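The values are calculated or read from the model by the stated rules, or taken from the named source; none is laboratory data. Computed from a predicted model, the values in this text were never measured in an experiment. Methodologically, a virtual Cβ is constructed for each residue, glycine included, from the backbone with ideal geometry; neighbour enumeration extends over all protein chains shown.
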Amino acid sequence: MIAYCPSSKFRCKAEQSPLRCPLTGAPLEFTDMPLFDPASIEPKVGGMWRYEAMLPVVHNGYDRITLGEGWTPLIPDRWAGRPLYWKLDALMPTGSYKDRGICVMVNWLRGLGYEALADDTSGNAGASLACYAGRAGLRAVIFVPASAPAPKKAQIMVYGAELVEVPGTRADATHAVEAATCNSREMAYASHAWHPAFLLGQMTVAWEIWEQLGTVPDWLIAPVGHGGTLLGAWRGFQHLRVSGVTNKLPRLIAVQAEPYTPLYDAFVSGAAAIEPTPHVQTISADGIAISYPVRWQALLEAIRFSRGMALVVNDQEVAEAHGELASRGIFVEPTSATIAAALKKTSKETIPHPDLVVGILTGHGLKKPPKV
């Protein structure tokens with residue numbers, strides 16, 4: 001498999017791939033992937049590894065590391081007066097959608113011989129990496145903003161990872177992990193934002209939705225910080241189309257939370273690039289409090305190509321949607337509730353009621369329970 005930068009002609013073997021294009025600084029993606037072959041699906045295999053034939057990772061003799069991640073429920077519901085489906089990716093081994101990408105990335109990096117893995121995170125990616133690194137017998141070092149929710153920090157530590165609390169913002173945590181790994185041959189920067197193997201794992205949510213529905217939805221909505229879940233799903237649906245499995249692609253809805261709205265601002269203004277929103281502010285949807293999404297260019301291109309949209313919500317709207325979802329038996333963290341809040345702001349003219357809508361709920365409510 002080949003790693004490439006969409007904005008340059010740079011290509012290199014995946015085993016030697018950096019996380020950034022040396023010419024443009026943009027994040028890399030994998031290409032030259034095996035075509036999606038429905039006949040290669042292993043229905044008796046639990047979770048997302050039913051698609052192992054389409055998920056080539058570097059094994060080097062190791063058994064696959066898995067905790068049964070993937071194949072999460074897709075449940076019908078009515079919300080804001082319209083029928084839709086919720087994809088419950090909160091129901092993962094660590095309670096977060098990030099288990100898809102982290103699992104593939106850990107399998108990949110262990111096959112390359114790394115002994116330790118590090119990442120910067122607001123909590124969910126760190127808990128997932130701590131979990132899967134522990135399962136693989138690898139050391140994990142997780143850098144988090146000191147303000148990260150206590151339940152998320154506790155979950156990281158319970159898996160045995162080293163927790164490094166960094167004063168300041170998510171960007172400060174990123175700078176700290178980059179400094180710790182830049183010259184290391186033993187510790188990999190297992191970045192859920194930058195590593196192409198993470199995005200590869202996130203493609204599986206599209207394949208599951210297609211298999212569970214028997215079709216491609218008209219609309220797909222997800223919260224966007226760095227955008228791994230929405231872009232990964234888009235790449236997954238694109239791969240189905242390139243492979244001749246379907247001729248349809250969903251229209252994308254990216255949801256951001258005030259005041260961290262760089263993607264929304266660029267989309268609404270028609271700008272060719274985003275402007276970072278360097279706020280230092282605690283919001284309920286902490287999982288998407290990202291000032292500068294590293295894959296912003298690919299995200300903007302995907303939303304525009306799909307004839308989709310970007311929406312923004314505030315803390316009050318998130319709190320109301322969060323409570324209403326919970327009262328209906330769906331307990332998610334506030335970051336997930338952003339998409340429910342955003343859907344309340346759409347009209348039947350914007351999204352006609354007969355259209356098939358799927359919303360990805362990304363994190364479990366116990367990640368950030370309400371104060372009682």
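At a glance:
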| read-out | value |
| --- | --- |
| Residue under evaluation Ser291, criteria (1) farther than 22 Å from Lys367 by Cα; (2) polar (S, T, N, Q); (3) touching a Phe, Trp or Tyr at 6+ places or on another chain (Cβ under 9 Å), criterion not met | (1) |
| In region 193-212, the residues that are of a type in the set (Phe, Trp, Tyr) and farther than 14 Å from Arg241 by Cα | Trp194, Phe198 |
| Output for region 25-53, where each listed residue is at pLDDT 90 or above, surrounded by 20 or more Cβ atoms within 10 Å (Cβ to Cβ) and in contact with a helix residue (DSSP H, G or I) (Cβ under 7 Å, 6 or more places away or on another chain) | Phe36, Met48, Tyr51 |
| Test result for Ile283, of a type in the set (Val, Ile, Thr), within 21 Å of the chain's Cα centre (by Cα), in the same structural domain as Asp315 (by TED's automatic domain parsing) and closer than 22 Å to Thr24 by Cβ | no |
| Matching residues, region 103-137, being touching a Leu at 6+ places or on another chain (Cβ under 7 Å), surrounded by fewer than 24 Cβ atoms within 10 Å (Cβ to Cβ) and at pLDDT 95 or above | Arg135 |
| Test set (1) on the phi > 0 side of the Ramachandran plot; (2) touching a Phe, Trp or Tyr at 6+ places or on another chain (Cβ under 7 Å) - Gly270 fails condition number | (2) |
| All positions within region 139-152 that are without any contact (Cβ under 8 Å) to a residue 60 or more places away in the chain and surrounded by fewer than 21 Cβ atoms within 10 Å (Cβ to Cβ) | Arg139, Ala146, Ala150 |
| Out of Ala148, Ala161, Ala176, Ala116, sole residue that is of a type in the set (A, V, I, L, M, F, W, C) and within 19 Å of the chain's Cα centre (by Cα) | Ala148 |
| Residue in region 159-181 that is surrounded by the fewest Cβ atoms within 10 Å (Cβ to Cβ), counting only those that are β-branched (Val, Ile, Thr) and within 20 Å of Pro276 (Cβ to Cβ) | Thr169 |
